[in-house]
């Protein structure tokens, strides 16, 4: 069995709704289905983006946490 994990970031206008996001996900699932991939699940991956020390401490940035939504497919 082959698997594929695709990151997903929704794009929504300021007057958009959750239905707009759902349609984007639905479209991605359909595209992958048409290519022979079966949708398995979606979820979030939490990760930390490393900070930087800057130059002699000037411009230093702390580490930040982020979350990426992924869709999982199998073939």
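We did not get these values from a lab; they are worked out from the coordinates using the rules stated. Being a predicted model, the structure only gives us computed values, none of them experimental. Ideal geometry is used to build each Cβ from the backbone, glycine not excepted, and the neighbour counts take in all protein chains shown.
Just a few scattered comments:
- The chain, relative contact order [Cα under 8 Å, separation at least 6], %: 44 percent
- Rounded to 10°, Cα long-axis angle of helix 18-34 versus longest principal axis of the chain: 60 degrees
- For 68, 21, order by how many other beta-carbon atoms lie within 10 Å, fewest first: 68, 21
- Where the alpha-carbon atoms of the chain are placed on the principal axes, they occupy 53, 39, 16 Å, in descending order.
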